[in-house]
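Here the structure is laid out as structure tokens; the discussion comes afterwards.
The values are calculated or read from the model by the stated rules, or taken from the named source; none is laboratory data. Predicted, not measured: the structure shown is a model, and the values here were computed from it. Cβ placement follows ideal geometry from the backbone for every residue including glycine, while neighbour counts extend to all protein chains displayed.
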Ligand code: DAH
């Protein structure tokens, strides 16, 4: 063996060994990053194969020819192995991603909350009343559930120690340091007082809200709901009251006509005072409005008592007006045929699913209140 042949032999051993090592590293690379590291170590600027190629330039032509062929073949082989391995790793990575990112398109779609949620009949009736009275030019007034004795009773012309205060089965709080006792409002009428004290006539408001009395049976719960109406100006009279009640009743019960009966009654805050019955039929155990020979009491009303106007800073010689009050829960029971008031407050989802209303069907007079 001459020197050149020996050198080539040595080179061949080197190259074979480098090839075996590099190919083994390529095969062992478990992801694309590891493979890239192998590529840089072999073919990068300072890589092992690049070093061999660089050294060719320093060799004698004959040696360079023999060795050049070897090293270039090695470079091509490694490049090819790298490309093959990269394809394999890419596919494996894609497979792995597909396996973890599966989407089971056979799962049934879940119903939207807006499809499953239901509006409570009380909220529904309040929305219906708001739509009806907004159309008649009324706005909504509100007041607190915890009231003063003064607003709940005194300013409404209940005399001190008058039995009417006890008639309301009031929940009183313990007296405060000044001796006055707060209470849970027994009716929405104190909102009349607040409205008259806060705004100048003409006043046209309805006041829906929670009210409280110590009472519980099939048609009474300790907490219930009322809506109050109040109109004050210089000339409001009983004829207006009658018209407003008739129109709102027809709209609420969604009937073309309804007869009403006004009976004399007593409330401390109105003079004269009346209770109102509406015509109904009870045939077949089912109650229907706008027909039949029966009567059903639905509300109390009257002309606002001059003492109440004066107590609220309005001159009874100048202003007059009318008011009415009714139970919202009772209206809901009558309109939607629910027999037991207590179920309203039991939060039983089955009851709500049955009697509740779809949340996006806002009551309005154009498309109908309850459809
Ligand atoms: N506040 C009365 C009650 O709870 C209802 C009522 C009757 C309100 C007559 C009124 C009215 O405004 O004029 O029994």
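Taken over the range 158-174, the criterion of being within 13 Å of the ligand (Cβ to nearest atom) and outside any helix (DSSP H, G or I) is satisfied by 158, 168, 169, 170. Considering the range 256-284, the residues that are surrounded by fewer than 14 Cβ atoms within 10 Å (Cβ to Cβ) and within 14 Å of the ligand (Cβ to nearest atom) include one that is nearest to residue 193 (Cα to Cα), namely 266.
Confirm whether residue 115 is under 37 Å from the mean Cα position of the chain (by Cα), assigned to a loop (DSSP other than H, G, I, E, B) and either closer than 30 Å to residue 351 by Cβ or in the same structural domain as residue 15 (by TED's automatic domain parsing) (or both). Judged against the criteria, residue 115 is not a match. Restricting 79, 130 to residues that are surrounded by 13 or more Cβ atoms within 10 Å (Cβ to Cβ) and either in the same structural domain as residue 221 (by TED's automatic domain parsing) or in contact with a strand residue (DSSP E or B) (Cβ under 6 Å, 6 or more places away or on another chain) (or both) narrows the list to 130. When you check residue 177 against the structure, is it in the same structural domain as residue 343 (by TED's automatic domain parsing) and either within 25 Å of residue 265 (Cα to Cα) or within 12 Å of the ligand (Cβ to nearest atom) (or both), yes or no? Considered against the rule, which asks whether it is in the same structural domain as residue 343 (by TED's automatic domain parsing) and either within 25 Å of residue 265 (Cα to Cα) or within 12 Å of the ligand (Cβ to nearest atom) (or both), residue 177 comes out as no. When the range 339-355 is filtered for residues that are more than 19 Å from residue 215 (Cα to Cα) and surrounded by fewer than 17 Cβ atoms within 10 Å (Cβ to Cβ), the ones remaining, listed by number, are 347, 348, 349, 350, 353, 354. For beta carbons closer than 9 Å, sequence separation of 6+ or different chains, a first residue in the range 86-112 that is at pLDDT below 80 and a second that is surrounded by 10 or more Cβ atoms within 10 Å (Cβ to Cβ) and outside any helix (DSSP H, G or I), there are no qualifying pairs. Within the range 190-223, being farther than 22 Å from residue 135 by Cα and near the ligand (Cβ under 10 Å from one of its atoms) holds for 190, 211, 213.
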